[in-house]
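The structure appears below as structure tokens.
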Amino acid sequence: MIKTHVKKNDLIEVIVGTEKGKRGKVLRVIPEKGRVLVEKIKLAKRHVRPSGARAQSGIIEKEAPLAISNVMVVCGKCDRAGRVGRRTLVDGKKARYCRNCGELL
């Protein structure tokens, strides 16, 4: 399994591209491809036919994957996008922390 600095349900900020500066919650991380799905970021239109699960056809908008290198985690305490570090706690568990303010994520 590939380690990533982003986890599901993290608040992130896009740092590169047409969606630069937007913030959203991570819906899914795809570490094998180095991609991440973010809520209401990089919406793509898909034409769908009616099927058993979906009775309504038409054009729907859904999130497209973004490169994981184009996002940064937003710290809950300092409210800034920053790099993430890893630290071993006294009980032996590993935890992520904000490299701006030192707060645990």
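Looking at (1) of a type outside the set (Ser, Thr, Tyr); (2) farther than 13 Å from residue 12 by Cβ; (3) open to solvent by less than 90 Å² (accessible area, probe 1.4 Å), find the lone condition where residue 94 falls short.
(3)
Which residue is nearest to residue 78 (Cα to Cα), if the candidates are limited to segment 1-32 and must be over 8 Å from the mean Cα position of the chain (by Cα) and exposed (fewer than 11 other Cβ atoms within 10 Å of the Cβ)?
Of everything passing the filter in segment 1-32, 21 is nearest to residue 78 (Cα to Cα).
Across segment 1-37, what is the number of residues that are assigned to a strand (DSSP E or B) and more than 18 Å from residue 82 (Cβ to Cβ)? Can you show your working first?
So the first thing to find is which residues in segment 1-37 are assigned to a strand (DSSP E or B), and the list is 11-14, 23-30, 35-37.
Remaining after also requiring more than 18 Å from residue 82 (Cβ to Cβ): 27-30, 35, 37.
Total meeting the criteria: 6.
So which residues in segment 78-91 are among the small types (Gly, Ala, Ser) and either loosely packed, with under 11 Cβ neighbours inside 10 Å or not in a strand (DSSP E or B) (or both)? First the steps, then the outcome.
Keep residues of segment 78-91 that are among the small types (Gly, Ala, Ser), which gives 81-82, 85.
None - no residue of segment 78-91 is among the small types (Gly, Ala, Ser) and either loosely packed, with under 11 Cβ neighbours inside 10 Å or not in a strand (DSSP E or B) (or both), so the list stays empty.
Within segment 56-65, can you find the residues that are of a type in the set (A, V, I, L, M) and modelled with pLDDT under 95?
So the first thing to find is which residues in segment 56-65 are of a type in the set (A, V, I, L, M), and the list is 59-60, 64.
Listed by number, the residues that qualify are 59, 60.
Could you list, in sequence order, all residues of segment 33-55 that are open to solvent by less than 40 Å² (accessible area, probe 1.4 Å), closer than 30 Å to residue 69 by Cβ and hydrophobic (A, V, I, L, M, F, W, C)?
We begin by selecting, within segment 33-55, every residue open to solvent by less than 40 Å² (accessible area, probe 1.4 Å); these are 34, 36-38, 41, 44, 48.
Narrowing further to those that are closer than 30 Å to residue 69 by Cβ: 34, 36-38, 41, 44.
Listed by number, the residues that qualify are 36, 37, 38, 41, 44.
The values are calculated or read from the model by the stated rules, or taken from the named source; none is laboratory data. Only a predicted model underlies this, so the values are computations on that prediction, with no experimental measurement involved. Here the Cβ is made from the backbone with ideal geometry for all residues, glycine too, and neighbour counts use every protein chain on show. SASA here: full protein model, heavy atoms, side chains in, ligands and nucleic acids out. Shrake-Rupley method; radii C 1.70, N 1.55, O 1.52, S 1.80 Å.
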